[in-house]
Amino acid sequence: MRRIAPTSPRSRRRRIASACACAALALGLGGCGAVRTIAGINTVHLEQARVDSMQIDLASGAATVCPRERVQMHVVVGAQLPSQAAPLLYESWRGGNGTRRNGMLDFRNFAFNSEQGRFDELGWFAPDPDVLATVDSGFAIGANLIHPSAQFARTAHYPPSYDCIAAVGAPGGGGAQGRDGSYGDSGSDGRDGGHGGLGGLGGYGRNGGDGEPGGGGYDGPHLRAYATYVATGRYPKLLAVRVEGDLEDLVLAPAGRAFTVIAGGGRGGEGGEIELVYDRRFPELAELLRFDVSGGIGGDGGSAGSGGSGGDGGHGGLGKGRDGRSGDYGSSGPVGPAGRPGLARMWAGDVSAQFRGLPGVKPL
């Protein structure tokens, strides 16, 4: 925990004057709109605009959607705002919450929809991670303009891709952070001086307590994985990996690229266990498949406790005694111990039963 130095009256006056100047500037520029512009969030709303056109696509410019990767939508609208003499093209902004987006379309102008995933308020689409759900259909994404009179609705179709998938599995959960150290006790106040005497020195504050060590994480999962090559209606050859055990999953990934099965430990937890059977008809899979059963790093230690405040100096006839010194911060807790690596084994075998009858997927 970082200790913050006290501010002087002069520095506080400077900050107040600076804030007043900013407020005056904001009022001179038009009130709330100016404040939003300074903050970078003065977006365009279309409720009172005349809208002539609307188009949608993906903000990344991609032509496909990967089931395990979020994508943001992008909207371009031709509109004339009440203060304009002619229509202009406006587009939605790209990025997360911290992105400056002055003059860009606010995503609240639109209602997005898809049966193959969900949207957040910033236009980000989280696809259904089930690769079989979209292997044939792909992704249909719709957008409706929210406007009192203009009616615009657009739908875009995107085939699935699997370039974003390079691993399957999951690490164990992390350990808890150690408890923070306690606050130090305040020092005692100094004694008042007698008639004509000086007040006594305030007592020193006590030091803050030390943070506790971080807790151990959960161990990694125990998994049995199967790997082979398959084909779909769009791709003649893909890697397919099925996982069973503490978690169940099926993924598709580009063929000929390294792929990792993960069962590492959480922060401070021991690595898990993986048994991987690859299709014996494709011995090259042994060179492409990887494991991660590493032990997790230790959990974070607790923060140091704050020192106690010094006692007030006593009052006397010749003046006030000095205040006592604040106590020191305690030490941060140490990081918890790292977990031990787990176990992994791989061999060739018959995996046909694990990939039989999958909709839209044909084993090679």
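Worth a mention:
- Some residue of segment 9-31 being surrounded by fewer than 15 Cβ atoms within 10 Å (Cβ to Cβ), at pLDDT 50 or above and not small (Gly, Ala, Ser): no
The rows are residues; the columns are (1) crowded, with 16+ Cβ neighbours inside 10 Å; (2) free of Cβ contacts under 8 Å to residues at least 24 places away in the same chain; (3) more than 26 Å from His157 (Cβ to Cβ).
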{"residue": "Ala39", "(1), (2), (3)": "no, yes, yes"}
{"residue": "Ile56", "(1), (2), (3)": "yes, no, no"}
{"residue": "Ala79", "(1), (2), (3)": "yes, no, no"}
{"residue": "Thr99", "(1), (2), (3)": "no, no, yes"}
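- Selection from segment 241-267 of residues that are among the hydrophobic types (A, V, I, L, M, F, W, C), more than 16 Å from Met346 (Cα to Cα) and either out of contact with any strand residue (DSSP E or B) (no Cβ under 9 Å at 6 or more places or on another chain) or crowded, with 20+ Cβ neighbours inside 10 Å (or both): Val251, Leu252, Ala253, Ala255
- When segment 62-74 is filtered for residues that are of a type in the set (A, V, I, L, M, F, W, C) and touching a Gly at 6+ places or on another chain (Cβ under 8 Å), the ones remaining, listed by number, are Val65, Met73.
- Just one of (1) in contact with a Leu (Cβ under 7 Å, 6 or more places away or on another chain); (2) modelled with pLDDT of 55 or more fails for Phe125. It is (1).
- Taken over segment 69-84, the criterion of being more than 24 Å from Thr99 (Cα to Cα) and either under 24 Å from the mean Cα position of the chain (by Cα) or among the hydroxyl-bearing types (Ser, Thr, Tyr) (or both) is satisfied by Ser83 alone.
- Options Gly233, Gly256: the member that is out of contact with any Asp or Glu (no Cβ under 7 Å at 6 or more places or on another chain) and either more than 18 Å from Pro283 (Cβ to Cβ) or at pLDDT below 95 (or both): Gly256
The values are calculated or read from the model by the stated rules, or taken from the named source; none is laboratory data. What you see is a predicted model, and the numbers here were worked out from it, not measured in a lab. Cβ sites come from the backbone with ideal geometry, for glycine too, and all protein chains shown count toward neighbours.
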